[in-house]
Every structure is written in C-alpha cells, then in structure tokens.
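Participant: Pasting a structure here, questions to come.
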C-alpha cells in the first residue's frame with residue numbers, strides 16, 4: 001500500500017483541481033488501484049472467503065472473522081505458555097485486520113492471561129457436566145494420541161489404560177483430594193503417598209476400655225474377691241464409613 005504519488009498530487013494527497021485556472025484534479029495510475037485491490041483482496045482471502053463480484057460486505061465480514069478467530073484461538077489454545085500463544089493471536093489480528101482490531105486483540109490477550117488453564121489442571125464445578133475442553137475425573141481411559149498434551153503431563157500416573165493406546169484419568173468420584181505427601185512423613189503408614197495414590201478409608205488406631213466389676217461366682221467373676229475388675233468391648237454404632245460433613249461437586253481436568 002502507498003499514498004498517491006502522481007505529479008498532480010501534493011504531499012501524498014489528492015487534489016480537487018481548479019477549472020477556473022485550468023488546473024486538473026489528481027489522476028490515478030493503474031499501479032495505485034492495483035495496490036488497493038491486492039491489499040483488500042488478500043485480507044478477504046486470508047479469512048478464507050472467496051472473492052465475489054458485487055459482494056460489498058466481504059471486507060467487513062473478513063475483518064470480523066479474523067478478529068473472532070484470533071480471539072477464540074487465544075483463549076481456547078492458551079495452555080502452557082499462554083502469553084506466547086495469545087501474543088501470536090494478537091499479532092495475527094493486528095496484521096490482517098483494521099479499525100479497532102488492536103483493541104480487540106488486546107482484549108483477547110488479557111482474557112487468555114486471566115483464564116488460561118494448562119493440560120492437567122483440575123477444578124471443581126457446581127454443574128453436573130464438564131465444559132468443552134475438559135474431562136470428568138471419572139477414571140475413564142482416553143487416547144494417548146488424541147489427548148497427547150494431557151498424556152505428556154500426567155502419563156500413566158492415574159492408570160495405564162490398555163497399556164498401549166490409552167491412559168486413565170483421575171477418578172475422584174466420592175473422593176476427598178489430599179495433598180501428596182512426597183516424602184514429608186505426614187502419612188506415616190504410607191510413605192509412598194504421591195500424586196495419583198488412592199488411600200482406602202480408615203480410622204487411626206485406638207482403643208476403648210470399659211471397666212467392669214465382677215461378682216464372685218458370676219460369669220464375669222467366677223472366683224476371687226468381688227472387687228476384681230475385668231474388661232469388655234463397647235457396642236458398635238455409626239454408618240458405613242467415617243466422614244465429616246461434605247457437599248458433592250464435580251471434579252474436571254483440562255485436556
């Protein structure tokens with residue numbers, strides 16, 4: 001693209017001409033029109049739109065398409081180095097669009113930085129379904145190639161799948177997540193407690209002692225003085241597991 005540079009232009013600007021003085025208006029050469037045509041055509045084609053004669057909204061549609069594509073790419077693919085990927089989207093938007101493209105691309109960059117998640121990140125949801133780009137933490141086996149980014153992060157930590165082409169997602173249904181011990185010693189009966197380790201429920205070892213006073217000649221105290229003490233077990237109460245209060249949420253993992 002270039003400003004008009006014919007002999008009858010002034011400072012790169014068109015001149016209206018003056019019929020009274022015989023001064024003609026600025027006349028344009030074919031190179032200037034070709035320059036305009038190619039710049040516009042390449043923006044339209046760059047958005048994947050075929051040039052159509054009489055399609056007066058093509059440039060506007062192309063610009064909006066390029067901006068939307070750059071924004072979606074910046075947010076949807078902002079895994080790992082979110083700043084770099086969103087910056088590339090910003091560069092593409094600025095280079096191929098016009099008007100307020102810079103502002104929109106900056107907004108896409110800011111959104112990517114604020115909401116970027118990396119493969120392997122987990123979060124809780126109040127809904128009962130996973131959103132796009134996320135898996136339920138239900139222990140499912142998924143493809144090692146189809147989800148290569150996630151596999152590169154968690155590998156077979158949560159299960160090897162079929163051992164060849166799949167691997168398992170974490171299964172956190174009904175589970176309480178706990179920070180991996182990783183050698184700290186906070187899980188003394190399980191020193192190998194690391195990421196991906198499941199622990200069965202249990203209570204810490206303890207005893208309940210009940211003192212009984214026997215009576216000489218009874219089953220508790222068949223002989224001896226009546227002041228002798230014995231022991232007996234307490235009764236059983238409670239439910240099927242040891243638990244505190246809780247509320248059900250859905251755990252999901254970024255693909």
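The values are calculated or read from the model by the stated rules, or taken from the named source; none is laboratory data. The shown structure was predicted, so the numbers you read here are calculated from the model rather than taken from an experiment. Quick reminder, even Gly has a Cβ in these numbers, built from the backbone with ideal geometry, and neighbours come from all protein chains shown.
Participant: In the stretch 136-182, how many are at pLDDT 95 or above and more than 22 Å from the chain's Cα centre (by Cα)?
Facilitator: Summing the residues that are at pLDDT 95 or above and more than 22 Å from the chain's Cα centre (by Cα) in the stretch 136-182 gives 6.
Participant: If you check residue 69 against the conditions, is it outside the structural domain of residue 155 (by TED's automatic domain parsing), modelled with pLDDT of 75 or more and either part of a loop (DSSP other than H, G, I, E, B) or over 22 Å from residue 152 (Cα atoms) (or both)? Walk me through it before giving the result.
Facilitator: Numbers: outside the structural domain of residue 155 (by TED's automatic domain parsing): yes; modelled with pLDDT of 75 or more: yes; either part of a loop (DSSP other than H, G, I, E, B) or over 22 Å from residue 152 (Cα atoms) (or both): yes.
Criteria met by residue 69.
Participant: Restricting attention to the stretch 194-211, which residues are over 21 Å from residue 253 (Cα atoms) and either in contact with a helix residue (DSSP H, G or I) (Cβ under 9 Å, 6 or more places away or on another chain) or surrounded by 12 or more Cβ atoms within 10 Å (Cβ to Cβ) (or both)?
Facilitator: Let us first name the residues in the stretch 194-211 that are over 21 Å from residue 253 (Cα atoms), namely 200-211.
Within the stretch 194-211, no residue meets the criteria.
Participant: Quick one: is residue 20 exposed (fewer than 11 other Cβ atoms within 10 Å of the Cβ) and over 25 Å from residue 3 (Cβ atoms)?
Facilitator: On the way: exposed (fewer than 11 other Cβ atoms within 10 Å of the Cβ): yes; over 25 Å from residue 3 (Cβ atoms): yes.
Yes; evaluated as a whole, the condition is true for this residue.
Participant: Which of the residues spanning the stretch 133-164 are closer than 16 Å to residue 121 by Cβ, crowded, with 18+ Cβ neighbours inside 10 Å and without any contact (Cβ under 8 Å) to a residue 24 or more places away in the chain?
Facilitator: Across the stretch 133-164, the qualifying residue is only 151.
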